[in-house]
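What follows is a single structure, written as C-alpha cells, with notes after it.
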Amino acid sequence: MTNPDCSPEKMIAWNGMSVLVPAAWEVDSIEPSHLLIGQDNTQKIEIKWTQRLIKHSLEKYVRKFITQSQKLLGIKIHEEATPRHFIPENPSFNFFFFTWESKTASGNGVLLLCSHCRRLTIIRFFNTFRWKKASLMEAIIQSYTDHSETDICQWAVFGMKISIPDSFKLKTFQFKPGHYQIQLHDKRKRLSLYSWGPASFLLSSTSLENFAKQQIKLPPDGKILNDSNNSQSIQWEFRNPLFEKLNIPETISRLIGFTIFKITHTEKQNRITGILLDAPRTQAHNLMQKVAIESTSFQELS
C-alpha cells in the first residue's frame, strides 16, 4: 500500500522557487528568499535560496556553508554520501547531502546548485531519517525548482494561486489577517496583487464596487466583466487625471502610464482578489491577460 505522505500534492511557490509538500503543511514564516514550513506548530522543513547568481562551485559553497552554519546556528554538520538509489530527476541540479544536530534537535538536509541559473538552495529537514527510495523527503527534493521553464512564473502561498510574467520581480509584500498584498515591478511597469477576506463579512453592508473604491483611488465608473451567483468581477481602466487635461500627442500618449484595476469576488472561496497594473498603454492590456490570481482555499492568518 502506498504511503500518502510519499506523494506530496500541495504546491508552495514563492519568488522563483516551487516545491510540493503534504496538504497539511503550511508556511509558518516567509521572507523574500526564505521559508519555514510546518504543521500544527511543528517545523518540518526550512528552505533558503540565493537571488544572486553564484559564480563559484558547489564544493566551495559547501565548505563556506558548513563553517558559517556551525558558528551562527550553533549546530554541527556532517557530510553524507549521495544515497545510492538517488537519481536526480532534474539534471540541472548538483546535490550535497548532510545531517545536522544541535543541543535540542537534529535532522537531514541537502544543498542544491542549479547549473542553469547558478542559484544555491538549502533545504533543511527537522527530523533525522534514513534516505529511502520513494520517501516523502526524496519526493520533496525531486519536486523542487528554482526557476521557471517558461516566461510565466507561478506563485502559491496562503491559499492564493498566482501566474505572472517572469520578468516581474518582488518589491514588497505583507500578509495580515484579512488582507494579503504582493507588489512587483519590471522597469516602468508595476503590479500589485491583493486578496481580502472573509468576503461575506467585508461585503455584508456594501457592494463590491464600493469596497474597491475604499481600497484603491478609482474613477467613478467601472466596467462589469461578469456577474453570476458564484463570481462577480469589475474592471477600471484609466490614466493619471493630470494627463487627461493636457493635449498630448498620440505618439507620447501611448507611452504614458496606464492603469488597469480588476477586482473579483468568488463566493465559493469567500475571498475578494484584486489586480492593479500600471504600464505603458501599448503594453497594459497584453500584460493584463498574462496575470491571474485566484483563491484555491481559505487560509486565514492568526
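The values are calculated or read from the model by the stated rules, or taken from the named source; none is laboratory data. Just so it is clear, the model here is predicted, and its values are computed rather than measured. Virtual Cβ from ideal backbone geometry, glycine too; neighbours counted across all protein chains shown.
Checked against the criterion of being surrounded by fewer than 17 Cβ atoms within 10 Å (Cβ to Cβ), assigned to a strand (DSSP E or B) and in the same structural domain as L120 (by TED's automatic domain parsing), region 52-59 has no qualifying residue.
Residues in region 170-191 that are under 18 Å from A156 (Cβ atoms) and surrounded by 15 or more Cβ atoms within 10 Å (Cβ to Cβ): 9 in all. None of N90, N94 is of a type outside the set (A, V, I, L, M, F, W, C), in contact with a helix residue (DSSP H, G or I) (Cβ under 7 Å, 6 or more places away or on another chain) and modelled with pLDDT of 85 or more except N94. For residues in region 183-240 being in a strand (DSSP E or B), of a type in the set (D, E) and at pLDDT below 90, which is farthest from the chain's Cα centre (by Cα)? Per the stated criteria, the residue is D227. For region 31-49, check the following and say yes or no: at least one residue is over 22 Å from L136 (Cα atoms), touching a residue at least 24 places away in the same chain (Cβ under 8 Å), touching a strand residue (DSSP E or B) at 6+ places or on another chain (Cβ under 9 Å) and surrounded by 17 or more Cβ atoms within 10 Å (Cβ to Cβ). Looking for residues that are over 22 Å from L136 (Cα atoms), touching a residue at least 24 places away in the same chain (Cβ under 8 Å), touching a strand residue (DSSP E or B) at 6+ places or on another chain (Cβ under 9 Å) and surrounded by 17 or more Cβ atoms within 10 Å (Cβ to Cβ), one finds none in region 31-49, hence no. Of everything listed in (1) over 20 Å from E46 (Cα atoms); (2) out of contact with any Phe, Trp or Tyr (no Cβ under 8 Å at 6 or more places or on another chain); (3) not basic (K, R), the single unmet condition for Q70 is (1).
Please go through region 260-281 and pick out each residue that is closer than 15 Å to D186 by Cα and without any contact (Cβ under 8 Å) to a residue 40 or more places away in the chain. Of everything in region 260-281, nothing turns out to be closer than 15 Å to D186 by Cα and without any contact (Cβ under 8 Å) to a residue 40 or more places away in the chain.
With region 62-165 as the region, which strands (runs of 3 or more DSSP E) entirely inside it contain at least 1 residues that are under 17 Å from M11 (Cα atoms)? Lay out the reasoning, then the answer.
Numbers: elements: 76-80, 93-101, 106-114, 120-125, 152-157, 160-165.
Because the criterion is at least 1 residues that are under 17 Å from M11 (Cα atoms), the strands (runs of 3 or more DSSP E) in region 62-165 that meet it are 120-125, 152-157, 160-165.
Reported count of residues in region 156-187, each being more than 22 Å from G257 (Cβ to Cβ) and either outside the structural domain of R271 (by TED's automatic domain parsing) or among the β-branched types (V, I, T) (or both), is 2. The set of residues in region 264-296 being within 19 Å of the chain's Cα centre (by Cα) and hydroxyl-bearing (S, T, Y) consists of T273, S295, T296.
Taken together, the criteria place Q70 among residues that are modelled with pLDDT under 85 and more than 15 Å from Y144 (Cβ to Cβ).
Rundown of residues vs (1) among the hydroxyl-bearing types (S, T, Y); (2) farther than 19 Å from G16 by Cβ, yes/no style:
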{"residue": "H78", "(1), (2)": "no, yes"}
{"residue": "F96", "(1), (2)": "no, yes"}
{"residue": "T99", "(1), (2)": "yes, yes"}
{"residue": "A105", "(1), (2)": "no, yes"}
{"residue": "L112", "(1), (2)": "no, no"}
{"residue": "C117", "(1), (2)": "no, no"}
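Residues in region 259-298 that are exposed (fewer than 15 other Cβ atoms within 10 Å of the Cβ), closer than 19 Å to W155 by Cβ and at pLDDT below 90: T296, S297. Can you name every residue in region 52-104 that is hydroxyl-bearing (S, T, Y) and within 18 Å of M137 (Cβ to Cβ)? Hits for region 52-104 are T82, T99.
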